[in-house]
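For reference, the structure is listed below as structure tokens.
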Amino acid sequence: MSNLAYLQVTRECNQNCLFCSNPANNQKLDLSKAKKIIDRFISEGCDGVILTGGEPSVSENIFKIIDYLKKKKLEIKMITNAQIISDKNYLNKIINAGVGTFHVSIYSIRKEIQAYLSGKNDSFDNIAKALENLREYKHVAVSINTVINKFNSNHLSENVVWLLENFPYINHFVWNNIDPQNLDDSTRKKVVPKLNDFYLELKKATDYLKKKQKTFRVERVPLCYMPGFEDVSTETRKIVKGEDRKIYFLDKKRKFFNEKKWYYDKFEFCEICSLNEICAGLYMGKNGVNDKNELFPVFVSKEEIKFKIKNR
């Protein structure tokens, strides 16, 4: 598996998502700085880069950055809301430039919910068009990224079934439990789900993906809410493998961040849980927005989960 780094190329975006964790701040990455960051990634052992934002496809330097990555023989991936790659000419151009994997972000296959959460009325139609376009590129990998929130927590499995029935070539799914840190109080109350809100739906979705022999990952969900698929927790995998994650953020400080800490908040229930050592715990965010009382200890084999992670 590649050692991948994340590079924010812009914080501009062509959507206005209700719960954006990296909101617009007028920051853009120029080519000279991008080259220095990429060279640093290489010096630290990275062999691939995930382009992110904002929306990376709106960057005026995106093709120059991709060209430099290609010259350095790095694997190139992109996290995208798929609005621009719905244009077949643009998609063909960026694939020919060197992007080999697209992580397509979608919240819901229910058009009105996708429109509301993305702040763009035609968001779903553009995503569907982009996925239809991507069908033709057999050498390109396509993953789906979904932020779990109150508005989609009751139909995560419906999303997965529809996507694979219509686009069976999709090979990987990632769910991120919502990051509440940059949200104001009213928005947090509106969009942050309880763990119980999506517990059964996430299990149904992962069971379906196992049946279809697809791969998947889950972030910011404690292991007591991932029975039978604990080994796909991103944090647990990082803990067991001793891995880090390198990111260049386009915030006011423009900082290079090497994420090594994979534990969040832990509570008295966690101390007696058999998975405490390999579980990240509960991501509380600002003001303790998540409820620790939803947690409970489990008593399953930690070693079996570690074995799956190390040997699968």
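Here, each number is a calculation from the coordinates, and none is a lab measurement. The shown structure was predicted, so the numbers you read here are calculated from the model rather than taken from an experiment. A quick note on method: Cβ atoms are made from the backbone with ideal geometry, for glycine too, and the neighbour counts reach across all protein chains shown.
Observations on the model:
- For the range 233-312 and the range 22-37, distance of Cα centres in Å: 29
- Cα-based equivalent ellipsoid, the range 4-262: semi-axes from gyration tensor eigenvalues, Å: 27, 21, 20
- Fraction of antiparallel bridges per DSSP, the chain only, in percent to nearest 5: 15
- Applied to the range 259-266, the Karplus parametrisation 6.51 cos²θ - 1.76 cosθ + 1.60 on θ = phi - 60° returns per-residue 3J(HN,Hα) values of 7, 10, 8, 10, 9, 9, 8, 10 Hz, with x for Gly and Pro.
- Built amide H within the under 5 Å cut-off of residue 144, gap 5+: 104, 172, 173, 174
- For the range 92-106, backbone phi angles converted through the Karplus equation (6.51, -1.76, 1.60; θ = phi - 60°) give residue-by-residue couplings of 4, 5, 6, 5, 5, 5, x, 6, x, 9, 10, 9, 8, 8, 8 Hz, Gly and Pro being listed as x.
- Placing unit charges on the Cβ atoms of the charged side chains and taking the dipole of the chain about its Cα centre, the candidate lying farthest along the positive direction among 176, 240, 151 is 240.
- With the Kirkwood sum run over all distinct C-alpha pairs, the range 184-267 has a hydrodynamic radius of 15.3 Å.
- Under 5 Å, built H, 5+ apart or other chain: amide partners of residue 48: 3, 5, 75
- Tail weight of P(r) past 19 Å, computed on alpha-carbon pairs of the range 246-312, percent: 53
- In sequence order, calculated HN-Hα J values of the range 48-58 (Karplus, 6.51, -1.76, 1.60; Hz; x Gly/Pro): x, 9, 9, 7, 9, x, x, 10, x, 5, 8
- Using just its DSSP H runs of length 4 or more, each adding -39500 (n - 2.57), the chain gives a mean residue ellipticity at 222 nm of -10500 deg cm²/dmol after division by all residues.
- Taking all pairs of distinct alpha-carbon atoms in the range 1-41, Kirkwood radius in angstrom: 12.1
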